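The values are calculated or read from the model by the stated rules, or taken from the named source; none is laboratory data. Because the structure is predicted, anything quoted here is derived from the model rather than measured. Here the Cβ positions follow ideal geometry from the backbone for every residue, glycine too, while neighbour counts run over all protein chains shown.
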């Protein structure tokens, strides 16, 4: 089935928050935020008298605290700013074109404080972002280290590596449109979970809230719930008695939207010279930015949980310390802790293989988990898998042996263009965040089925997949899927963590089953027979064993009264998708330029409902993983300002992806599905990184941090 979401996006451009023209927003005003240009300073004063607009600061807000304890980002900075881009004041004007000028004349006095930039400064603790806490460490997740697992190892390799900070770079920046109607705030908001946004805003404002999510132009984990700016906008709309719109600028987005990744990892791997790995240790420091978001809890949790990867390692020790720095807060970014864990173990496997002189493929085969279910030393319970087959298939499709022979020929000939091969094997926990999911399925007049889901898709193609599920089960042609409106369904969790089909799809499936059961009773009454004698075939209810008898269509069955069912589904456990990626690169050893020639991927997400949607998710994930490996990085000057661009990847930098399918179903949800939305990102980055290092290994290079920019590659060779 072709994706049903794409036609409107391609032909009309979609309907994003900026496009909303609801009559309730007539006469709206426009908001912009004055943001800190410095990373760490005391605010000595704010003067908006020269601004021909309304100016609101923290002193004006009569709102409860944004959270418990001292280490919480305020709605607007009150006494101290802690990162470049932190909102200090809201300016509201009638004319959008004059808004920037009005914001520019707001004068804020700053008394500079020494910034903490980087995890080393944070751990040193000489300057504290919150002096009352006594430390910049806000969370420690994981186990203690006793070293016993390494005592019998013949070979031990230790290396400190960096999983660099990234910016999500969605095509649609953040924005909102707010209006108060009959004592209730209505917010149009691009968010991944409308219900969580509703609850947060309502708690802050002490009033009922409706959140409507139109099309969302990318999120990748950075549009979870509602940011402080949205709460301030809702407050200002109530204060002024007028609707307010806000859309941030692209440059504003780069410093103000949460970032991702940002770990310094010390990896230690030990084992025997026959390739058996006996122990692995991951000691990571997570840069959480200025205020703890999910980087202080979720990222350390998943990094530790997935530290063992696809391998049967007797001793696995993992610890992540989250620290505060004077930089943009770090939160979830496609994969959220799982790419970080995979990058660490896959780099460790290659380092270990190089030390003992064994092909990295052979080392992986020796140490793969073989039987399932399997519980890792870090507590992850893998439901099902076949890691050997995934690796075998990707190597066969890529022509691994022939590529190794070509590599040797080039090296023997002294070719300046080196060939590199990289493997990235991964396991990822999917559906492991959040709770259940809500669904409502209604079959109304005309036999049209309407699905309301608490999931909040924003490019994943979930509407297409749910349409397939419902159409197949009910035998109807017309299915309408609605989401992203808290008035349509009372409870919902959202779309993140590769969970939508496992929870949202299962909820819809259960609701459809209830509708069918209720329809059977109604059909039995109308056909004057017992419910057990009625069956549904191709969308028509008939008496069992009498195919030529009079039947009832859904339209006839629901002509007088609709049939509906509401479900809250939470009867599922996390599942563990897996796969193997092969990257083939060429590296010009004279210039450092890296060209990705091939990307072959085997990804197993259990039962696949909609293959076309699955392929789209894999393509996007591969692109983002490749971008991290080769192009993207957010870097800060010692004063806390950004020092260079964060370049997104384009089609010209990517090869045609070679995708192979596997399906190892799970029993942990009714549909037998696993997540696929983040798999490409998790497997591709270490595969490409390992390929670049492999290309340079004969020149004495055994590690290279991401991104493998030409300058970084050239410096490593030199």
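Here are the numbers for the structure shown:
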| read-out | value |
| --- | --- |
| Residues within the range 666-683 that are part of a loop (DSSP other than H, G, I, E, B) and crowded, with 18+ Cβ neighbours inside 10 Å, tallied | 10 |
| Any hit, the range 180-197, residues being part of a loop (DSSP other than H, G, I, E, B) and surrounded by fewer than 19 Cβ atoms within 10 Å (Cβ to Cβ) | yes |
| Test: residue in the range 30-50 that is more than 26 Å from residue 139 (Cα to Cα), part of a loop (DSSP other than H, G, I, E, B) and touching a helix residue (DSSP H, G or I) at 6+ places or on another chain (Cβ under 6 Å) | no |
| Unique residue being crowded, with 20+ Cβ neighbours inside 10 Å and assigned by TED's automatic domain parsing to the domain that holds residue 228 when the list is 66, 58, 39 | 39 |
| Count - residues of the range 353-402 that are under 21 Å from residue 669 (Cα atoms) and in a helix (DSSP H, G or I) | 0 |
| Those residues of the range 532-555 which are surrounded by fewer than 18 Cβ atoms within 10 Å (Cβ to Cβ) and free of Cβ contacts under 8 Å to residues at least 24 places away in the same chain, in sequence order | 532, 533, 535, 544, 545, 546, 547, 548, 549, 550 |
| Condition broken by residue 102, with the remaining ones in (1) touching a strand residue (DSSP E or B) at 6+ places or on another chain (Cβ under 6 Å); (2) over 19 Å from residue 263 (Cα atoms); (3) part of a loop (DSSP other than H, G, I, E, B) satisfied | (3) |
| Among residues of the range 511-529, those that are in contact with a helix residue (DSSP H, G or I) (Cβ under 6 Å, 6 or more places away or on another chain) and free of Cβ contacts under 8 Å to residues at least 12 places away in the same chain, counted | 2 |
| Given (1) under 29 Å from the mean Cα position of the chain (by Cα); (2) free of Cβ contacts under 8 Å to residues at least 12 places away in the same chain, index of the condition residue 357 fails | (1) |
| Test: residue in the range 55-70 that is farther than 27 Å from residue 207 by Cα, assigned to a strand (DSSP E or B) and in contact (Cβ under 8 Å) with a residue 24 or more places away in the chain | no |
| Hits in the range 445-467 - residues which are out of contact with any helix residue (DSSP H, G or I) (no Cβ under 8 Å at 6 or more places or on another chain) and at pLDDT 95 or above | 448, 450, 452, 467 |
| Pick from the range 655-665, criterion farther than 25 Å from residue 432 by Cβ and touching a strand residue (DSSP E or B) at 6+ places or on another chain (Cβ under 7 Å), ranking: surrounded by the fewest Cβ atoms within 10 Å (Cβ to Cβ) | 658 |
| Residue within the range 11-20 that is assigned by TED's automatic domain parsing to the domain that holds residue 188, within 30 Å of residue 323 (Cβ to Cβ) and within 27 Å of the chain's Cα centre (by Cα) present | no |
| Odd one out for residue 640 among (1) without any contact (Cβ under 8 Å) to a residue 40 or more places away in the chain; (2) part of a loop (DSSP other than H, G, I, E, B) | (1) |
| Some residue of the range 200-208 being at pLDDT 95 or above, part of a loop (DSSP other than H, G, I, E, B) and closer than 26 Å to residue 290 by Cβ | no |
| Evaluation of residue 298 against (1) under 22 Å from the mean Cα position of the chain (by Cα); (2) surrounded by 23 or more Cβ atoms within 10 Å (Cβ to Cβ); (3) closer than 30 Å to residue 134 by Cβ (one fails), failing number | (2) |
| Odd one out for residue 405 among (1) out of contact with any strand residue (DSSP E or B) (no Cβ under 8 Å at 6 or more places or on another chain); (2) farther than 23 Å from residue 683 by Cα; (3) touching a residue at least 40 places away in the same chain (Cβ under 8 Å) | (3) |
| Tally, over the range 198-217, of residues that are surrounded by fewer than 22 Cβ atoms within 10 Å (Cβ to Cβ) and within 18 Å of the chain's Cα centre (by Cα) | 2 |
| Single match in 394, 443 (criterion: more than 31 Å from the chain's Cα centre (by Cα), touching a residue at least 60 places away in the same chain (Cβ under 8 Å) and either buried (at least 23 other Cβ atoms within 10 Å of the Cβ) or under 23 Å from residue 660 (Cβ atoms) (or both)) | 443 |
| In the range 42-55, residue nearest to residue 112 (Cα to Cα) [restricted to those that are surrounded by fewer than 12 Cβ atoms within 10 Å (Cβ to Cβ) and at pLDDT 95 or above] | 44 |
| Yes/no for residue 424 being in contact with a strand residue (DSSP E or B) (Cβ under 8 Å, 6 or more places away or on another chain), modelled with pLDDT of 95 or more and surrounded by 14 or more Cβ atoms within 10 Å (Cβ to Cβ) | yes |
| Residue list for the range 157-175, filter: more than 21 Å from the chain's Cα centre (by Cα) and either within 25 Å of residue 259 (Cβ to Cβ) or crowded, with 16+ Cβ neighbours inside 10 Å (or both) | 157, 159, 160, 161 |
| Sole residue being touching a strand residue (DSSP E or B) at 6+ places or on another chain (Cβ under 9 Å) and at pLDDT below 95, chosen from 135, 144 | 144 |
| Failed item in (1) in the same structural domain as residue 402 (by TED's automatic domain parsing); (2) outside any loop (DSSP other than H, G, I, E, B); (3) surrounded by fewer than 23 Cβ atoms within 10 Å (Cβ to Cβ), with residue 592 passing the rest | (2) |
| Candidate set from the range 69-85 (those that are in contact with a helix residue (DSSP H, G or I) (Cβ under 7 Å, 6 or more places away or on another chain) and under 21 Å from residue 134 (Cβ atoms)); member that is surrounded by the fewest Cβ atoms within 10 Å (Cβ to Cβ) | 70 |
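Rundown of residues vs (1) surrounded by 24 or more Cβ atoms within 10 Å (Cβ to Cβ); (2) assigned to a loop (DSSP other than H, G, I, E, B), yes/no style:
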position: 495; (1), (2): yes, yes
position: 506; (1), (2): yes, no
position: 513; (1), (2): no, no
position: 518; (1), (2): no, no
position: 529; (1), (2): no, yes
position: 559; (1), (2): no, yes
position: 568; (1), (2): no, no
position: 573; (1), (2): no, yes
